[in-house]
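The values are calculated or read from the model by the stated rules, or taken from the named source; none is laboratory data. Just so you know, these numbers come straight off a predicted model, no measurement behind them. Note: ideal-geometry Cβ built from the backbone for every residue, glycine included; neighbour counts use all protein chains shown.
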Amino acid sequence: MVALWATNSSQLYSNWHSVNNRQNAATRVAVPVVAIFYNLQAERQLSAAALADPDSDRTKLASQRLITDASIKGLKGPPDSAPTDIVTHYRQVSRELTRLPGYREAVDRGTITQLQMNKAYSTAIASDLQMFKDFIDVGIAELNVLGQSALDALWGQESLAREDAIFTAAVVSGHFSSSQRAQIAELIGAQQHIYNNEVIPLLPREHAQAYRAIVSGTAWKQKTEAEQTVLSGRGTGDSGQEVSAQVASQWRQSVGEITRQLQQANKSYFGQIIRTTDHELHGLMVILIVNSSVGALAVLLVVLISLWFTGLLRRRIFALRSSALELQTRLPDVIERLRRGEVIDPDTELPSIPYGRDELGMLGRALNLARSTSLETAVQQVEQHRGFERLLQRIARRTQLLIGMQMNRLIEMERQHEDPEVLEGLFDLDHLTARLRRYEENLVILGGGQPQRRWRKPVLMLDVIRSAQSEVQDYRRIRIEASGQIWLSERAVGSMVHVLAELMENAVTFSKP
């Protein structure tokens, strides 16, 4: 998004900057360029008259040269930011204008022909118009179309000015040569083509109407009549067709009026182009600002949405992590409580992890599945453990019954016999039976039960210790030293006897002989 925004803004700024540079260059140079265009045309017309009559008064020509020089001095170079083509054509115009003093000197000395003089001035004017073309070529289609029509209108006026220079030379000399008449015919065709095909059809309606009014007006008709008179070949003279005073007057009046009208129409149209260019520049600036602002807002929005989604995902991930850690912490406690025989509700103790339908939801479902599997496995293990305990207890209880019956039987036999050897054997069997009873009680305890021996009254601690001693295999190694009358509560006698017997067994087993 940042790359797209930067590229778009850069392109829009480049477009605006290009048009703005050309507009600034045109504002700086266009007015002097147009002034030079009109002044060179006027100087060319007066130079043609001077060449036609070397002895004529040249006050007007000298005055016009001063005006032309002043307009040339007003021509300043384009700004540093101006496009390359404008700078190139400015240098070309400058080179052509530096040749102007040479042309003037040739005119004053009469060492240049009418054709050469017209070509020299026309070349300078053409380079001037080329620079004008650079100003209107700003890269915007609408402005290019409007500018090309404006340039064509200037070329139409230049064609009329060239014809005027030829007429002026002929009027001053008093006759038209055949080459002059051919040039006039060519220029008439150029004017008709320019205005009828390249200017009027392509201009906006209100400006096209102004040019249409000029080419169909009275002055243009008078000009056409004067041209037809010259081209029809009426007149006499050895050196060519003579020029009547009526034709000369008719030409001067009509051309002066047409030139004034064309200048007004061009000025009006150029004003329209300037306004259109300013409007396009403003539009480009608005587009640049709007697009850049919208792009920046889009980038900011994407960043905010990304941060929001990231935060949302982080919260969900942390919630899943917390639920997994809680499951890891609480599951052993639940399993332990199940082993102790407590009745619990798994859904309450280990609630399901909430999840959605996306990838994190899949992870949540996997954790829930792991939770269910863990609970099922724990329950199965607890059930198996309980079953094993019950089995041990049943086996131990049955064995304890047999051991109890055996001990009772041994006690009866001990009472019935007085033979020392027999009694010693019976005492050994009794001792083995007591040890066997302790081992069976171990099975009962491992199975989760309690020893079955019960006492109804408190017992002396000495008797408790002696009872424990009797259940140890190497009981003769154990010496008992007790003082005082210490009694043990009846409910603790069985367990205490068992514990002391186990400790004594460990002592005699893991001690030196």
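Scanning the range 30-40 finds one or more residues that are within 60 Å of the chain's Cα centre (by Cα), at pLDDT 85 or above and among the small types (Gly, Ala, Ser).
Counted as qualifying within the range 396-513 are the helices (runs of 4 or more DSSP H) with 3 or more residues that are at pLDDT 85 or above, farther than 30 Å from Gln384 by Cα and of a type in the set (Val, Ile, Thr), namely 490-509. Among the residues examined, Glu227 does not qualify as modelled with pLDDT under 90, under 24 Å from Thr113 (Cβ atoms) and surrounded by fewer than 17 Cβ atoms within 10 Å (Cβ to Cβ). All of (1) assigned to a helix (DSSP H, G or I); (2) under 60 Å from the mean Cα position of the chain (by Cα); (3) more than 12 Å from Ala265 (Cα to Cα) hold for Pro201 with one exception: (1). Taken as a whole, the condition of being surrounded by 14 or more Cβ atoms within 10 Å (Cβ to Cβ) and under 42 Å from the mean Cα position of the chain (by Cα) applies to Leu363.
Every residue, every condition in (1) surrounded by 20 or more Cβ atoms within 10 Å (Cβ to Cβ); (2) without any contact (Cβ under 8 Å) to a residue 12 or more places away in the chain; (3) touching a strand residue (DSSP E or B) at 6+ places or on another chain (Cβ under 9 Å); (4) in the same structural domain as Asp53 (by TED's automatic domain parsing), yes or no:
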{"site": "Asp164", "(1), (2), (3), (4)": "yes, no, no, yes"}
{"site": "Arg181", "(1), (2), (3), (4)": "no, no, yes, yes"}
{"site": "Ile194", "(1), (2), (3), (4)": "yes, no, no, yes"}
{"site": "Asn197", "(1), (2), (3), (4)": "no, yes, no, yes"}
{"site": "Arg212", "(1), (2), (3), (4)": "no, no, no, yes"}
{"site": "Glu242", "(1), (2), (3), (4)": "no, no, yes, yes"}
